[in-house]
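The next block holds one structure in the form of C-alpha cells; read it before the comments.
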Amino acid sequence: MFRNITKYRRHLALILSASGLCLLVTGVFLWQQAVRQQQGTDDLNNRIETINRTGAGSANTQQLKTLAENAGRQGRFLPEVEYALLHDQWRQAVVFFEGLKNILANPYLAASASSSASNFHTRLLQLRDAVTESLTNNPKLPIEWQWKLHNLKGNTAVLLAYSVLYHEKDGRKAAKFLSDALIDYKTAIQQVDKVSLSSLERALPRWNLELIIAVGEYRRLGLTEIPPADMTRIQEQLQTYIPEAPGFSPGVPAETRVEK
C-alpha cells in the first residue's frame with residue numbers, strides 16, 4: 001500500500017509538473033499575443049493620429065487600404081479612412097469621365113467608345129454600392145461623416161444618369177438616378193447644417209443640388225422619366241457640370257453661372 005501511495009505521489013508530481021509547464025507555455029503565448037495586439041493597436045492609433053493631423057489625402061491608396069484592413073481585424077471602423085478611399089474612387093471616376101468625353105468627341109476612337117462607356121458605368125455602380133454599404137452597415141456613423149457619404153452618393157448618381165442616357169438611352173433609369181441624387185443631396189444638406197460651421201462644407205451639397213435642378217424639368221422634382229426628345233439636351237447639361245469637379249466653386253453668384 002505504501003508503494004502504491006509513493007507511486008501515486010510520483011505520478012501526481014509528474015502530472016502537476018506537466019500541467020504547470022503547460023500553463024507556463026500557455027501564459028507566455030497569451031502574453032506574447034497580448035503584446036502583439038497592443039503593439040498593433042498602438043501602431044494603428046499612431047497611423048490614425050497621423051492621418052487626422054495631416055489629412056487622409058496625405059496617405060496613398062494602399063496605405064489607406066492597409067489601415068482599413070488592420071482596423072477591421074480589430075473590429076474597428078474608421079470613417080475618415082473609408083471616406084478617403086471612396087472619395088479617391090470618385091476622383092478616379094471624374095478623371096475617367098474626362099477621358100471618356102475626349103473619346104466620344106473623337107471619331108477616330110469610336111471603336112473603343114462603347115467599351116469605355118460600359119467600363120465607366122460599371123465603375124460608378126461599384127462606387128455607389130460601396131457608399132451605400134458604408135451607410136447601411138454603420139447606422140451609428142457620426143453625422144459629420146454621414147453627410148459626406150450622402151453627398152458622394154449623390155455625385156455618383158448624377159454621373160450614372162449621364163451614363164445611362166449615353167450608354168442605354170434609358171430616360172426612366174436616368175430620371176431615377178437624378179431623383180436619388182436629389183434625395184441624397186437633401187439629406188446631406190440637413191445633416192451638414194447640424195454639424196458644420198464651415199461655409200464651404202455647408203455650400204457643397206447645396207451647390208451640387210443646384211447643378212441638377214437649376215433649369216428645365218428639374219425644377220419639377222417629381223419627374224419620373226426623361227422624354228426621348230430631351231435625352232441629348234439633358235445629357236449635354238449633365239456633361240457640362242460635374243459635382244465637385246475642378247473649375248466650379250460653391251457659392252458662385254447667380255449672374256456668373258453658365259446656364260445649362
Original post:
Using r as the Cβ-Cβ distance of Ser115 and Gln74, and R0 as 30 Å, what FRET efficiency do you calculate, to the nearest 0.05?
Top reply: 0.15
Subject >> Within the range 73-116, backbone nitrogen closer than 18 Å to the virtual label 7 Å beyond the Cα of Asn137 toward Cβ >> reply: 73-90
**OP:** Normalise the Debye intensity by I(0) for the range 109-165, one equal point scatterer per Cα, no solvent, then take log10 at q = 0.26, 0.29 Å⁻¹ and round to two decimals.
**Re:** -0.99, -1.11
Subject >> Fewest-first ranking of Tyr185, Tyr108, Tyr162, Tyr83, using other Cβ atoms within 10 Å as the exposure measure >> reply: Tyr108, Tyr83, Tyr162, Tyr185
Original post:
So how far apart, in nm, are the two label points at Ser199 and Tyr108 if each is 7 Å from Cα heading toward Cβ?
Top reply: 4.8
Original post:
Can you put Trp147, Trp207 in order, fewest other beta carbons within 10 Å first?
Top reply: Trp207, Trp147
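A short reminder: the numbers here are calculations on the coordinates, not readings from a lab. Please read all numbers here as calculations on a predicted model, not as lab measurements. Note that each Cβ is placed from the backbone with ideal geometry, even for glycine, and that neighbours are counted across all protein chains shown.
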